[in-house]
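Asker: Before anything else, here's the structure in question.
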Amino acid sequence: RQLRLGVPALDSPSAGAMADLPGISLAVVGPPGSGKTTALAHICHLLGGFPEEQHAECRSLAKDLGAPADEHGWMLDRLREERLRGCTIEASIAAFKSGEFSFTAIDTPGDPGFVKNMVSVTSLADVAVLVVPATPNFEAEVESGRAREVALACFTMGIKNVCVWVTKMDDISVQHSQSRFEDIKKVVNAFLKEVGYKQKEVPFVPISGIFGDNLVVKSSETSWYAGKPAVEVLDSMGPINRPAEKPLRLPVLKVREDEDVGTIFVGRVETGSVRNGVKVLFSPSGYIGEVRSLRKDGKEVSEGKTGDIVSVCLGDTVSAENLRRGMVASPPTNDPAADAETFLAQVIVLDHPGSIRNGYCPAIAVHTAQVPCEFEELVALIDRKTGKDAQAKPEKVKTGDVVTVRMRPRAHVCVEAFATYPSLGRFAVRDHGRTIAVGVVKEVTKRPIPKVRGQGGNEYFDS
């Protein structure tokens, strides 16, 4: 499943005005049934992110089908299967603006069966909005570990700032209870600290996605709440400091072929910038394409800057069949990205049921790529207190250990040293649907850039 860009918000009249405001990208995450899609769609509606006529059509459809509460959520959940199942399957993008920032928001899947989709798209975000329900379902999601897993994925993929929306405060089991809100706040704060968040005070907002309480203005239903509404909390997360001076790194998230304009791909500019007319190398494949046009928030632009989520048209310079998610666009002649043969990483084992030895081969999630990767050699066990090597070449490591590992990808992937390109140098280690470790890349041994053998031929991907 891939990211959808055909959401009404991206073509709305208000989207063009967003170019004048600094941008922040959000990943709206949470366990299934938390109401995150409804809450995100409602705040988009209140801030002019959706054309009113399209929202009216969705409202009428939801009413006719006996699901009036879904009038907002269905603006983002547009697949028939999503509407039947009542859950997000494909990640979708919506755009809205406050008085200070333009926001590009990614609605992510919460169902455990679609965690792979969620992990990939969190790499695009500056800020995580963690949505948890105030209903009794909250305890079940905490006990299952799903709520913590979502927070861990955000932290691992480099999202440093998080805020929490406690939704469904209007539910009959909650009735806008302050004590219930405070109890949830205490539990969530605890596991956010466990996964690594060090914000002095994580903002929590009690909301109703259906009725819009505390999304844009304060609600009288929660008169006890002394904080800001959700949109003002989001404003307080900016501005985002971005390292624009480095060469371009633009991981590919989605690729499609358009009958009229040719190949289009979507991704976030992690470093540097991309402009009309420049040539970009897609590693590790070796294909080179020329940027024919760029779109951001539904509007054509001449340049995509660091932090921008952009849609890049390549025309007929590269076939869509030759590109795929996980490739990285970079300059062909200025420190180009390349296929990693091996890399040295520092790994923290978070939750493994047994022990890890040389030869262990789970999957890693790094930027938009997910590939199998072998723990080729356990180089050294690290003392967590001093950060120094405590034991050379340990036979095995277990939960709680920090280890230096030489890793060998078993599929082609681009990674970079964390010190040089942070967003391409941090990864999650996943096995049997769980995140069992996280790591940062210290050194990379790269393969030479392959030479394309002509249209439709490439030594890596077509052999």
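Derivation of every value follows stated rules applied to the coordinates shown; laboratory data play no part. These numbers were taken from a predicted model, which means no experiment stands behind them. We place every Cβ from the backbone using ideal geometry, glycine too, and count neighbours over all the protein chains shown.
Asker: Which Cα, out of PRO409, HIS432, ILE356, lies furthest along the positive dipole direction of segment 315-463 (beta carbon charges, K/R +1, D/E -1)?
Answerer: My answer, from the dipole projection, is ILE356.
Asker: Can you give the extra length, in nm with one decimal, that the chain gains between ALA140 and THR386 once fully stretched, where that is 0.36 nm per residue apart less the Cα-Cα distance?
Answerer: Going from the current span to full extension adds 84.8 nm.
Asker: With +1 on each Lys and Arg Cβ and -1 on each Asp and Glu Cβ, and nothing else charged, work out how big the dipole of segment 182-276 is about its Cα centre, in Debye to the nearest 20. Let's see the in-between values first.
Answerer: Numbers: 14 positive and 14 negative charges, 106 e Å.
Roughly 500 debye for segment 182-276.
Asker: In terms of modelled amide H atoms, which long-range or inter-chain residues lie less than 5 Å from the amide H of SER219?
Answerer: Placed amide hydrogens put ASN214 under 5 Å from SER219.
Asker: Tell me, what ³J(HN,Hα) does each residue in segment 205-221 have, in order and in whole Hz, if you take phi through Karplus 6.51 cos²θ - 1.76 cosθ + 1.60 with θ = phi - 60° and put x for Gly and Pro?
Answerer: These are the phi-based 3J(HN,Hα) values: 10, x, 9, 10, x, 6, 8, x, 4, 6, 7, 10, 10, 5, 9, 5, 5 Hz.
Asker: Can you give me the long-range amide H partners of GLY315? Hydrogens built in the peptide plane at 1.01 Å from N, cutoff under 5 Å, separation of 5 or more residues or another chain.
Answerer: Answer set, sorted by chain and number: THR263, ARG292.
Asker: Right, something else. Only Lys, Arg, Asp and Glu count, each charged at its Cβ (+1, +1, -1, -1), so figure out the dipole size of segment 312-411 about its Cα centre, rounded to 20 debye. If you can, show how the numbers build up before the last one.
Answerer: Details: 12 positive and 13 negative charges, 86 e Å.
Around 420 debye, computed over segment 312-411.
Asker: On alpha-carbon atoms, Rg over Rh for segment 253-334 using Kirkwood Rh? Could the numbers behind the result be given before it?
Answerer: Working: Rg = 11.3 Å, Rh = 12.4 Å.
Rg/Rh: 0.91.
Asker: What list of ³J(HN,Hα) couplings, whole Hz, do you get for segment 267-273 from phi and the Karplus terms 6.51, -1.76, 1.60, once you set θ to phi - 60° and write x for glycine and proline?
Answerer: x, 10, 6, 7, 9, x, 8
Asker: Okay, next question. What nm value, rounded to one decimal, do you get for the distance between GLU57 and LYS186 when each label is placed 7 Å out toward the C-beta?
Answerer: Here the modelled spin labels are 4.9 nm apart.
Asker: By average Cβ neighbour count within 10 Å, what is the ranking of 248-256, 346-354 from highest down?
Answerer: Ranking, from highest mean packing down: 248-256, 346-354.
Asker: Filter the cross-link list LYS200/LYS299; LYS193/LYS305; LYS186/LYS254; LYS198/LYS446; LYS97/LYS160 down to pairs whose alpha-carbon distance in this structure exceeds 28 Å.
Answerer: LYS200/LYS299; LYS193/LYS305; LYS186/LYS254; LYS198/LYS446
Asker: Could you work out how much longer the chain between GLU194 and ASP431 gets when fully extended? Use 0.36 nm per residue separation minus the Cα distance between them, nm to one decimal.
Answerer: In short, 83.3 nm is gained.
Asker: Would you grab the residues whose amide H sits under 5 Å from the one on ALA390? Only those 5+ places off in sequence or on another chain, please, with H modelled 1.01 Å from N.
Answerer: Here LEU381, ILE382, ASP383 satisfy the definition.
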